[in-house]
Every structure is written in C-alpha cells, then in structure tokens.
Amino acid sequence: MSEHSEFIDPAVPPSGDGCAECDAVGGWWVHLRRCALCGHIGCCDDSLATHATRHYEASGHPIVQSFEPGEEWFWDYSTGDYAYGPALAPPDSHSAHLTTPGPADRLPADWREQLARNRGER
C-alpha cells in the first residue's frame, strides 16, 4: 500500500452524488469512485464507461476512494495497488436512494448482458 498525500485533499467535497459524466448523458454505472484530490465522482472499471480511470488518465490524479456505502478503501492507479488516506470531506458515499448498479431508473433491461459483453463473456 502507498500513501501519496500530495494527491489527497481531505477538504474537497465530492463533485456530486453519481458519476459526473454518466449523469450528463443519462448513463448508468456499477460502482462509484471519488478522486481524493479534486472530488470528481466517476464510475468504476466494471462500468461500461470507466470514467474514474479516464479521469485519472486525463488529470494525473492517481488516488481514488470508493464512494460506496460502508467502503473506505483507497486505490492508487499509478501503482495498481491499495493506498492509505485520511477521512475525506463528507459525504463519504453516494445517497442511500441510489442503487448499485444504478441509478435504477436508468438501468437498461439487459444491463447484465451489456456488462458480460463488455468483459468478453457470453
């Protein structure tokens, strides 16, 4: 595990309650990740759009924290390993009304099949 305090700002609140890019286009996600430096909320790598990873690639901000209820772990994209970090500004997860995956009202009927196709499964 790594600690890169220069890439963590505990005072910055999250950018919203869901993936910023998916919300902008009416998309959906599997899980959410929060950039520990700027607060950007993006969808995880199990999601079709992988916006959290794309944010890292575009910004160079390597540390994210899970934005799921009950999860406190950090991930360092630059090392591909878990990381340490302090408590971040609240809230520490998305709202309880958001489902995982979600949001429920945007999930297509074939969302499981879409994820399986995206992973190359049949």
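Any read-out appearing in this document is the output of simple, stated calculations on the displayed coordinates, not a laboratory observation. Because the structure is a prediction, the values reported are computed rather than measured. Note: ideal-geometry Cβ built from the backbone for every residue, glycine included; neighbour counts use all protein chains shown.
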Task: Subset of the stretch 51-65 [among the hydrophobic types (A, V, I, L, M, F, W, C) and buried (at least 17 other Cβ atoms within 10 Å of the Cβ)] - done: Ala52, Ile63, Val64
Open item on the list: Residues to consider are Asp110, Asp46; find the one that is touching a residue at least 12 places away in the same chain (Cβ under 8 Å) and either farther than 19 Å from Cys19 by Cβ or touching a His at 6+ places or on another chain (Cβ under 7 Å) (or both).
Closed with: Asp46
Open item on the list: Testing Gly70 on (1) surrounded by 19 or more Cβ atoms within 10 Å (Cβ to Cβ); (2) on the phi > 0 side of the Ramachandran plot, one condition comes back false. Which one is that?
Closed with: (1)
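Where residues in the stretch 82-92 are surrounded by 11 or more Cβ atoms within 10 Å (Cβ to Cβ), of a type outside the set (Phe, Trp, Tyr) and in contact (Cβ under 8 Å) with a residue 60 or more places away in the chain, which of them is farthest from Cys38 (Cα to Cα)? Walk me through how you get there before you give the answer.
Residues of the stretch 82-92 that are surrounded by 11 or more Cβ atoms within 10 Å (Cβ to Cβ), as a first pass: 82-86, 88-89, 91-92.
Okay, now just the ones that are also of a type outside the set (Phe, Trp, Tyr), so 83, 85-86, 88-89, 91-92.
So of that shortlist, the ones also in contact (Cβ under 8 Å) with a residue 60 or more places away in the chain come out as 83, 85-86, 88-89, 91.
Numbers: Ala83: 17, Gly85: 14, Pro86: 14, Leu88: 11, Ala89: 11, Pro91: 14 Å.
So, considering only residues that are surrounded by 11 or more Cβ atoms within 10 Å (Cβ to Cβ), of a type outside the set (Phe, Trp, Tyr) and in contact (Cβ under 8 Å) with a residue 60 or more places away in the chain, the one farthest from Cys38 (Cα to Cα) is Ala83.
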Task: Residue among Gly102, Gly26 that is closer than 22 Å to Ala116 by Cα, surrounded by fewer than 14 Cβ atoms within 10 Å (Cβ to Cβ) and either touching a residue at least 40 places away in the same chain (Cβ under 8 Å) or in contact with a helix residue (DSSP H, G or I) (Cβ under 8 Å, 6 or more places away or on another chain) (or both) - done: Gly26
TODO: Just give me the residues in the stretch 8-66 being more than 21 Å from His97 (Cβ to Cβ) and among the aromatic types (Phe, Trp, Tyr), in sequence order.
DONE: Tyr56
